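For reference, the structure is listed below as structure tokens.
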Amino acid sequence: MKKSNTIRHPLFCLLALPLLAIAADEGWTSLFSGKDLAGWVAPGENIWFHASDGVLQVRSGPDEKGQTLWTEEHFTDFIFETDFRFGEGIVDSGIFVRNNDQIQIGISGSLKRDMTASPYIPGKGYPIEAEGVADLLKLDDWNTLRVEAKGMTYTTWLNGKKVMTYTSETGQEKGPIGIQLHGKRDMAIDFRNLRVRTL
């Protein structure tokens with residue numbers, strides 16, 4: 001009897017693993033099919049945002065005009081997660097939180113240094129800087145950014161480590177999520193696995 005229980009226990013654990021994986025993924029909604037921009041509002045005559053083989057490619061146009069790709073859906077409290085990879089040029093991008101405030105990805109145009117995972121607040125600039133980013137950021141590989149917006153408090157994680165918490169005084173309660181291509185830049189950045197979970 002004892003031996004029989006010993007045999008069944010590891011088998012049960014193996015069978016439970018797929019169920020645990022499904023449970024861990026519950027509540028997430030993919031924002032990107034990898035094939036097209038369905039679910040997003042692209043700028044007119046779009047030459048900046050393209051889907052190819054599971055990757056959202058963001059590229060400057062010849063006139064280096066700034067653009068933003070917005071979700072069709074508007075969100076209140078949420079967690080947004082994406083992988084990103086730096087391409088050519090001086091990358092200055094970010095994630096807009098409910099249309100207004102932003103979480104930076106790449107080089108700040110005003111500070112001239114990397115401010116990835118830090119909040120950019122209109123009228124205030126960068127009120128705080130994410131911690132430990134230099135040690136976490138992979139310049140030649142994929143990185144994972146997680147942004148939690150709960151009320152007016154934003155929290156970010158880079159490659160699995162919490163790096164910033166900030167409470168905004170000017171944020172909006174509801175709005176779309178945006179992918180920024182900063183103007184006056186010759187740059188490229190890729191995104192994949194864009195997903196959201198409402199809170």
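Round to the nearest 10 and give me the degree value, 0 to 90, for the angle of helix 2-25's Cα axis relative to the longest principal axis of the chain.
Computed tilt is about 20 degrees.
Using alpha-carbon positions, what is the distance between the centroids of the stretch 121-143 and the stretch 69-84, in Å?
The two parts, judged by their Cα centres, are 18 Å apart.
For Asp53 and Lys124 in one chain, what is 0.36 nm times their gap in residues minus the Cα-Cα distance, to one decimal in nm? Before the final figure, lay out the partial values.
Numbers: separation 71, 0.36 × 71 = 25.56 nm, distance 3.82 nm.
Gain in length upon complete extension: 21.7 nm.
Return the subset of Lys112/Lys174; Lys65/Lys150; Lys65/Lys161; Lys162/Lys184; Lys124/Lys162 for which the Cα-Cα distance in this structure is over 26 Å, preserving the input order.
On the way: Lys112/Lys174 31 Å; Lys65/Lys150 32 Å; Lys65/Lys161 33 Å; Lys162/Lys184 31 Å; Lys124/Lys162 23 Å.
Beyond 26 Å: Lys112/Lys174; Lys65/Lys150; Lys65/Lys161; Lys162/Lys184.
Relative contact order for the chain using alpha-carbon pairs under 8 Å, separation at least 6, rounded to a whole percent? Walk me through the numbers before you get to the answer.
Numbers: 453 pairs, mean separation 62.3, N = 199.
Normalised by residue count, the contact order of the chain is 31 percent.
Projected area of the stretch 29-198, taken from the Cα convex hull and averaged over every viewing direction, in nm²?
Values: hull surface 35.7 nm².
The directionally averaged projection comes out at 8.9 nm².
Please check the chain for the longest run free of trypsin sites (Lys or Arg not before Pro) that are loop-located per DSSP (anything but H, G, I, E, B) and have at most 15 other Cβ atoms within 10 Å. List each step's numbers first, then the result.
Values: sites that count: Lys35, Lys65, Lys112, Arg113, Lys124, Lys138, Lys174, Lys184.
Segment 66-111 is the longest.
Throughout, read-outs are computed from the coordinates displayed, never taken from laboratory work. Everything numeric here is computed off the predicted structure, so don't read it as measured data. Note that each Cβ is placed from the backbone with ideal geometry, even for glycine, and that neighbours are counted across all protein chains shown.
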